[in-house]
Amino acid sequence: MVNNETMIKTARDNAVGIITLNRPEVLNALNIKMVAEIVFALERFDRDETVKVMVIQGAGRAFAAGADIDEMLDKGSIDLELHNQFTDWDRIAKIKKPIIGALHGFVLGGGFELALSCDILLAGQNTEFGFPEVGLGIMPGAGGTQRLTKLIGHQRAMKWLLTGARFSAAEAMNCGIVSSVFPDELLKEETKKMARAIAEKPALSVRLIKESVHKANELSLFEGMQQERKNFYLLFSSEDQKEGMRAFKERRKADFKGR
Ligand code: CAA
């Protein structure tokens, strides 16, 4: 358990929990401690009832230029097996609240994998994406080959993973990797706007929509639809469903309580 944040900064914007990757001198290269801090902060925000949405962003010139090469250089397979560092990354997939990735500068390797663990990705127009691992004699290890392929399909995933080439925010938008691209100087503001808009929605709906969308990657269509239906039915036990529908009928703004 990590309780001293040294490689990230956390902050609050009302109901939005913000995590800033903060090793700008190495373009936010992700080392083991930093990933542990990110996961700890996400889990803390996830447990905090006053937080509705989380944002991950990078300080300095990059979102993150990959896993920390200095830390990996002299490692052997046995070190990696014994430490099994990717179990920390796996915990990100268990976060219930939505995570928005605000991407700028470089989004490479492990940085790209961290981005792909978020639920919505927004990018500045000059952001560069890529999986350069192949040029280092390794390959992505935190979900890159799996998540990228599911997201953009075999052909394009193979192209980017095997060449290690960098591609632009416009291409990322074309492939469906990011949901929107903004002028770099507007990225933070637009991210805030989206986070605040989601934070105003009834939290249980948001939580179960996230869960259902993630199931679409794991289950068959039929199983996914069964899961969706259960979540749909579940929401009819919530106060917010009654409030949301009554407010519609009474032509007033709903006052959601998150339960
Ligand atoms: N690890 C450690 N340090 C890194 C780093 C990384 N991934 N990326 C950048 N840095 C450091 C540089 O070494 C440099 O430090 P010094 O000033 O002490 O030399 C500093 O950050 C600034 O970087 P550059 O001088 O290289 O900046 P640039 O603008 O010329 O180039 C860049 C930027 C193209 C992103 C280049 O830094 C680069 O190619 N970085 C490495 C990208 C990479 O290969 N990432 C994949 C890592 S492996 C991985 O992620 C495995 C996995 O799946 C888990």
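List of remarks:
- In this structure the range 203-249 gives 74 Å² per residue of accessible area when probed at 1.4 Å with all protein chains present.
- With a cut-off of 9 Å between beta carbons, the residues surrounding residue 257 carry a summed charge of -3, where Lys and Arg count +1 and Asp and Glu -1.
- Whole-number percent relative contact order across the chain, with pairs defined as alpha carbons under 8 Å at least 6 apart: 15
- If both residues of a DSSP beta bridge must be in the range 8-199, then about 25% of such bridges are antiparallel.
- Net length available on complete extension from residue 255 to residue 14 is 85.1 nm, with 0.36 nm assigned per residue and the Cα-Cα distance removed.
- 15 Å beta-carbon shell around residue 182, net charge (K/R +1, D/E -1): -1
- Applying the Karplus relation 6.51 cos²θ - 1.76 cosθ + 1.60 with θ = phi - 60° to the range 31-38 yields 3J(HN,Hα) values of 9, 4, 5, 5, 5, 4, 5, 4 Hz, where x marks Gly and Pro.
- Computed lengthening from residue 193 to residue 74, 0.36 nm per intervening residue step minus Cα-Cα distance: 38.5 nm
- In the chain the Cα-Cα distances spread across 5 Å bins starting at 0 as 1, 6, 12, 16, 18, 17, 13, 8, 5, 2, 1, 0, 0, 0 percent of all pairs.
- The chain - percent of accessible surface contributed by carbon and sulfur, probe 1.4 Å: 56
The values are calculated or read from the model by the stated rules, or taken from the named source; none is laboratory data. Keep in mind the model is a prediction, meaning the values are calculated, not measured. Cβ coordinates were reconstructed from backbone atoms using ideal geometry, including for glycine residues, and neighbour counts include every protein chain displayed. For accessibility, only protein heavy atoms count, side chains too; no ligands or nucleic acids. Shrake-Rupley method; radii C 1.70, N 1.55, O 1.52, S 1.80 Å.
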